[in-house]
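To start, the structure itself, in structure tokens.
The values are calculated or read from the model by the stated rules, or taken from the named source; none is laboratory data. These figures come from a predicted structure and were not determined experimentally. No Cβ is skipped: glycine too gets one built from the backbone with ideal geometry, and neighbour counts run over all protein chains shown. For accessibility, only protein heavy atoms count, side chains too; no ligands or nucleic acids. Shrake-Rupley method; radii C 1.70, N 1.55, O 1.52, S 1.80 Å.
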2 protein chains.
Amino acid sequence: MAVIGLDDVRDSAARLDGIAHRTPVLRSRSLNELAGAEVYLKAEVFQRGGAFKFRGAYNRISRLSTEERRRGVAAYSSGNHAQAVALAAGLVGTSAVIVMPKDSPPEKVAATRGYGAEVVTYDRYRQDREEIGRRLAEERGWTLVPPYDDPVVMAGQGTAALELIEEVSDLHALVAPISGGGLIAGSATAAKGLRPEIRVIGVEPAAGDDTRRSLQASRRVRIEVPRTIADGLQAAIPGELTFEVNRRLVDDVVTVTDEEIVEAMRVLFERLKVVVEPSGAVGVAALLARRIPTPGRRVGVILSGGNVGARRFAELVGGRSA
Amino acid sequence: MAVIGLDDVRDSAARLDGIAHRTPVLRSRSLNELAGAEVYLKAEVFQRGGAFKFRGAYNRISRLSTEERRRGVAAYSSGNHAQAVALAAGLVGTSAVIVMPKDSPPEKVAATRGYGAEVVTYDRYRQDREEIGRRLAEERGWTLVPPYDDPVVMAGQGTAALELIEEVSDLHALVAPISGGGLIAGSATAAKGLRPEIRVIGVEPAAGDDTRRSLQASRRVRIEVPRTIADGLQAAIPGELTFEVNRRLVDDVVTVTDEEIVEAMRVLFERLKVVVEPSGAVGVAALLARRIPTPGRRVGVILSGGNVGARRFAELVGGRSA
């Protein structure tokens, strides 16, 4: 049974039209040389809220009933989903409470509050955010907006890949980061629906390869909460629904080290003039590290987000420039 | 006597069509709030070579005769003009020698060599780059491509403003950095030609306000070579031809401190996700510092370049993030 189909992604694109940004596709001769491929970067860093997450969140929240909107929405998130839910809730005219890890980047917490949401924090390594989120939602009677394990959220995330392939129709491969698996589930649904021969490749941090392991084991494998600079990719286990999609549509999953992620951020900064957060840079990191075999091929890569503070960027990248 | 007119800028735009990038115009709600104006950023950071300079250089070099092309071109530049001439020379199929200050950002020297040009260095505080450049050009019989004091170069630079006003026709003001004055001379020619009521405002580093002083004195005033982080804005005296244009078309010149420039770079990084070098950020710095009175008005700003290394950015901006 297919959890979502191309029509769901198309329907989501229509709903997002004029509300989400149609983000640009960036190219760079020097990146192509470094990567040994023709690279098309879907720059979701320029999406509202600074990441692709707005697509899924708005897609879900805009479908609430009048009664549900009168109450509010709840979400748990390491950052970008939080901002997306807060922003979408504001646009739709409903309240939002967000459960965020205590050690989230402070600019993400500030941005979430800036969009008008209430923030509740928890300890990422000791407490279960899903349980806290569910309890809050239940107590208040608010609707929980899951970060990935929801067909409507997944279909919304897939609109980024839909736009990319509408613009560049002859891609050989599509590369996307994997955390809970919502972005790549939506992306793979759009990509394989439009172009069955395309290869869909996921990228995880080396310390957080739960989806890679799960695909190898043909069942969802839980790992320790990964410690990586890619703060948006710290899922410990794939989602149930996302795994259902990804086991059928994702051709391969590769991993990158934190050092490779930093190098990709530096290249994107210096050559493309674009700010990409660690989680958003894993696709380019995999290409630069030649983790994906793509000699001379056209590869689409989703730069999933750009929410990294200047100080944090300086800590990560300072001292490594040529 | 007008040095250049709107038709020269239009003619240059036709020549650059399909060769220079038509760079995007960026907007940001949070920047608008911080600036207290409706801001339209012409993002020349995405131009070929990473700065607007390619427009003028290609405009000039592509008009060389066959005999001139057989020989080569020479240029003196603190960085971006160097890369632009090197890149344009390569595209046109001619040789280039570039005179660069010894203390130029190393990534700019590397990029210039990377485009295939020969680099000759000099001491910015002790030697006269114009003389070195002229002597080199004379000895070899190569054509000197001036960084700003040339009608064809000026007209080429004006195409950035032409594109911006074609896209946003109802701007109240246009803001551009001033070094030798070529960008703002071309920009003012395009802007006032298309929209006579627009205000054209130049921005200089506080330490390098030669054009502001010259306009006040109604003659070209020479200052000490300015020491500022804006390494592209270190002209000590306005150009002759550029001053002829700017004394008639520039309405006001304001200045910004190095600290204000760094704050603008941080805001552009965190809110817009775009990398802007110090010289390119002075327009936004002037808006954020409320140096330009623009309550609720539509203001076009040229982000003139993005050539800053990640390590240099980290030095400048690290530790200042919220």
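In Å, the Kirkwood hydrodynamic radius of the protein assembly as shown over pairs of distinct alpha carbons? Write down the numbers at each step before the final one.
Numbers: mean 1/r = 0.0392 Å⁻¹.
Computed over Cα pairs of the protein assembly as shown, the Kirkwood hydrodynamic radius comes out at 25.5 Å.
Of all the residues in chain B, which one has the C-beta that comes nearest the axis relating B to A, and what is the distance in Å?
B:ALA314, 2
With every protein chain kept in place and ligands, DNA and RNA left out, what is the accessible area per residue of region B:81-217? Probe 1.4 Å, answer in Å². Working shown, then result.
Working: 4800 Å² over 137 residues.
About 35 Å² of surface per residue is accessible.
Need the C-alpha centroid separation for region B:83-144 versus region A:255-295, integer Å.
When both Cα centres are located, 32 Å separates them.
Please state, to two decimals, what the Cα-based radius of gyration of region A:195-238 comes to when divided by 2.2 N^0.38 Å (N = residues). Intermediate values should be presented prior to the final figure.
Numbers: Rg = 11.8 Å, N = 44, 2.2 N^0.38 = 9.3 Å.
Relative to the 2.2 N^0.38 Å estimate, region A:195-238 comes out at 1.27.
How far is helix A:240-249 tilted, in degrees, relative to the longest principal axis of the Cα atoms in chain A, given as a value from 0 to 90 rounded to the nearest 10?
20 degrees
Taking amide H positions as placed 1.01 Å from N in the peptide plane, with prolines and chain starts having none, which residues 5 or more places from B:ARG199, or on another chain, fall under 5 Å of its amide H?
The answer is B:ALA173, B:LEU174.
Run the numbers on chain B and let me know its relative contact order in percent, using alpha-carbon pairs under 8 Å that are six or more apart.
Numbers: 714 pairs, mean separation 71.0, N = 322.
Averaging sequence separation for qualifying contacts and normalising by length gives 22 percent for chain B.
Output the antiparallel fraction of DSSP beta bridges having both residues in the protein assembly as shown, as a percent to the nearest 5.
Roughly 10 percent of the beta bridges in the protein assembly as shown run antiparallel, per DSSP.
Mind checking the dipole of region B:171-322: about its Cα centre, +1 per Lys or Arg Cβ, -1 per Asp or Glu Cβ, Debye to the nearest 20?
380 debye
What are the chymotrypsin sites (Phe, Trp or Tyr not before Pro) within region A:88-192 that DSSP puts in a loop, where the Cβ has at most 14 other Cβ atoms within 10 Å?
Passing both the DSSP loop test and the Cβ count: A:TYR125.
Quick check: at a probe of 1.4 Å, how many percent of the accessible area of region A:237-281 sits on carbon and sulfur atoms?
Carbon-and-sulfur percentage of accessible area, whole number: 38.
Kindly state, to the nearest 0.05, the FRET efficiency for A:GLU240 paired with A:LEU91, given R0 = 41 Å and r defined as their beta-carbon distance.
Using R0 = 41 Å, I get an efficiency of 0.90.
Placing the label point 7 Å from Cα along the Cα-to-Cβ direction, what are the distances from B:ARG227 to the equivalent spots in the other copies, shortest first, in nm to one decimal?
Label-point separations across copies, in nm and ascending: 4.4.
Can you tell me what share of the DSSP beta bridges in chain A is antiparallel? A percent to the nearest 5 is fine.
10 percent
Below 8 Å between Cα atoms, with a sequence gap of 6+, how large is the relative contact order for region A:1-115 in percent? Mind dumping the intermediate values first?
Values: 141 pairs, mean separation 22.7, N = 115.
It comes to 20 percent, rounded to a whole number.
Taking the full set of protein chains and a 1.4 angstrom probe, give the accessible area of A:SER95 in square angstrom, rounded to the nearest 10.
It works out to around 60 Å².
In the Gaussian network model of chain B, springs joining C-alpha atoms below 10 Å, which of B:ARG126, B:ARG71, B:ARG27 carries the largest mean-square fluctuation?
Result for chain B, Cα springs under 10 Å: B:ARG126 fluctuates most.
Note the full-extension length gain between B:ASP128 and B:GLU167 as 0.36 nm times their separation in residues minus their Cα-Cα distance, in nm to one decimal.
Gain on extension, B:ASP128 to B:GLU167, equals 10.0 nm.
Tell me which of B:LEU174, B:VAL120, B:GLY90 sits at the most positive position along the dipole axis of region B:53-191, charges placed on C-beta atoms (Lys, Arg +1; Asp, Glu -1).
B:VAL120
Would you work out which of A:SER30, A:PHE46, A:ALA13 lies farthest towards the positive end of the dipole of region A:12-66, given +1 charges on the beta-carbon of Lys and Arg and -1 on that of Asp and Glu, about the Cα centre?
Towards the positive end, the residue furthest out is A:ALA13.
Going by Cα centres, region B:190-253 and region A:6-56 are how many Å apart?
After rounding, the separation between the Cα centres reads 39 Å.
What does the helix-only formula give at 222 nm for the protein assembly as shown: each DSSP H stretch with n ≥ 4 adding -39500 (n - 2.57), the total divided by the residues, and the result rounded to the nearest 500 deg cm²/dmol?
-13000 deg cm²/dmol
On average, how much accessible surface per residue is there in region A:223-314, in Å², for a 1.4 Å probe, leaving out ligands, DNA and RNA?
32 Å²
With the label 7 angstrom out along Cα to Cβ, how close does B:ASP128 come to the same site in each of the other copies, in nm, nearest first?
Computed spacing set for this position: 7.9 nm.
How do A:HIS172, A:HIS81 stack up against each other in accessible area, from largest to smallest, with a 1.4 angstrom probe?
These residues rank, largest area first, as A:HIS172, A:HIS81.
For B:GLU259 paired with B:VAL120, estimate the spin-label separation in nm (one decimal), with each label point 7 Å from Cα along the Cα-to-Cβ line.
4.2 nm
Using Cα springs under 10 Å in a Gaussian network model of chain B, which residue among B:ALA173, B:ALA236, B:ALA310 shows the largest mean-square fluctuation?
Sorting by GNM fluctuation, first place goes to B:ALA310.
Considering only DSSP beta bridges whose two residues both sit in region B:1-159, what percent are antiparallel, to the nearest 5?
Percent antiparallel among DSSP bridges in region B:1-159 is about 15.
How many Å² of accessible surface get buried when A and B come together, counting both sides, probe radius 1.4 Å, rounded to the nearest 100?
About 2100 Å² of accessible surface is lost on pairing.
Whats the longest run of chain A with zero GluC sites (Glu not before Pro) that are DSSP loop and have at most 11 other Cβ atoms within 10 Å?
Excluding the exposed sites themselves, the longest stretch runs over A:1-196.
Per residue of region B:135-151, what does 6.51 cos²θ - 1.76 cosθ + 1.60 with θ = phi - 60° give for ³J(HN,Hα)? Whole Hz please, x for Gly and Pro, Karplus curve as stated.
Ordered by residue, 3J(HN,Hα) equals 5, 4, 4, 5, 3, 8, x, 8, 7, 7, 9, x, x, 8, 7, 7, x Hz.
What residue among A:SER179, A:SER218, A:SER65 has the largest mean-square fluctuation in a Gaussian network model of chain A, using Cα springs under 10 Å?
For chain A, modelled as a Gaussian network with Cα springs under 10 Å, the answer is A:SER65.
Taking the protein assembly as shown, how many lysine pairs are there with alpha carbons less than 25 Å apart, if each pair must be eight or more places apart or span two chains?
Close lysine pairs under the 25 Å cut-off: 28.
Residue by residue through region B:178-190, what is 3J(HN,Hα) from phi via Karplus (6.51 cos²θ - 1.76 cosθ + 1.60, θ = phi - 60°)? Round to whole Hz and write x for glycine and proline.
10, 10, x, x, x, 4, 6, 5, x, 5, 5, 4, 5
Enumerate the amide H contacts of B:LEU144 below 5 Å, restricted to partners 5 or more residues apart or on another chain; note that Pro and chain-start residues carry no placed amide H.
B:ALA74
Please compute, for the alpha-carbon atoms of chain A, the extent along each of the three principal axes and give them in descending order in Å.
Cα spread of chain A along its principal axes, largest to smallest: 54, 44, 40 Å.
Could I have the simple spin-label model distance between A:GLN216 and B:ARG140, label points 7 Å from Cα toward Cβ, reported in nm to one decimal?
5.6 nm
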